[in-house]
Amino acid sequence: MPAPSTFSAEFSAVVNAPFGAIGVRTELGRLRELVYLPASFAERAPIDRVSELVATQIEHYLIDSDFQFDLPLRSAGTDFQNRVWTAISAIPRGQVLTYGDIARRVRSAPRAVGQACGANWFPLVVPCHRVTAAAGLGGFAHSDDDAGFQLGIKRWLLAHEKAKGY
């Protein structure tokens, strides 16, 4: 199997990040997806205007956690997922809510909220890293391995945003 860096061509851009890299996929003038990648992925210059805008905004956020994203997003997700993502997007930088907190806001169950978080096509833009378990970090991107790559990203993002306790 080829090394991960050869898959960089699958992305419209790959932005280096302190925790690895972020793959950007665009489609028809909109952001289609952001993907957290290990550092083995080679940086890739943006191939279109939208991926350039996305890469620039990611770089600004990585420098200044107060940066506010303003990107054209492709329509994605179910009605329920969109309700969860809207609730998550309202969490201010530096704060966290639990899956249960979000569940109460959208009148659902914490597990369903966790599944919607894991299905988020636009991490960073929809800051699902700001949602934690009642007694700890919880999962991230469908991973709950405490020493795993994805949870390392969640820890970095919360520390970057100066979230209390992280």
The one condition in (1) open to solvent by less than 60 Å² (accessible area, probe 1.4 Å); (2) part of a loop (DSSP other than H, G, I, E, B); (3) out of contact with any helix residue (DSSP H, G or I) (no Cβ under 9 Å at 6 or more places or on another chain); (4) not β-branched (Val, Ile, Thr) that ALA42 fails to fulfil: (3)
Residue check, ILE47 outside any helix (DSSP H, G or I) and crowded, with 16+ Cβ neighbours inside 10 Å: no
Residue in the stretch 50-59 that is nearest to LEU157 (Cα to Cα), counting only those that are free of Cβ contacts under 8 Å to residues at least 24 places away in the same chain and either open to solvent by 50 Å² or more (accessible area, probe 1.4 Å) or not in a helix (DSSP H, G or I) (or both): THR56
From the options ASP64, ASP70, residue that is over 17 Å from SER89 (Cβ atoms), open to solvent by 50 Å² or more (accessible area, probe 1.4 Å) and free of Cβ contacts under 8 Å to residues at least 40 places away in the same chain: ASP64
Given (1) closer than 29 Å to GLU27 by Cβ; (2) modelled with pLDDT of 95 or more, number of the condition THR98 does not satisfy: (1)
Some residue of the stretch 98-117 being β-branched (Val, Ile, Thr), free of Cβ contacts under 8 Å to residues at least 60 places away in the same chain, surrounded by 14 or more Cβ atoms within 10 Å (Cβ to Cβ) and over 21 Å from LEU157 (Cα atoms): yes
Residues of the stretch 146-155 satisfying the condition of being under 12 Å from the mean Cα position of the chain (by Cα) and open to solvent by 10 Å² or more (accessible area, probe 1.4 Å): GLN150
VAL126, sole failed condition from (1) under 18 Å from ASP64 (Cα atoms); (2) in contact with a Lys or Arg (Cβ under 7 Å, 6 or more places away or on another chain); (3) not acidic (Asp, Glu): (2)
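The values are calculated or read from the model by the stated rules, or taken from the named source; none is laboratory data. Keep in mind that this is a model prediction, so the values were computed, not measured. Cβ atoms come from the backbone with ideal geometry, glycine included; neighbour counts cover every protein chain shown. These area figures cover heavy atoms from the full protein model, side chains too; ligands, DNA and RNA do not enter into them. Shrake-Rupley method; radii C 1.70, N 1.55, O 1.52, S 1.80 Å.
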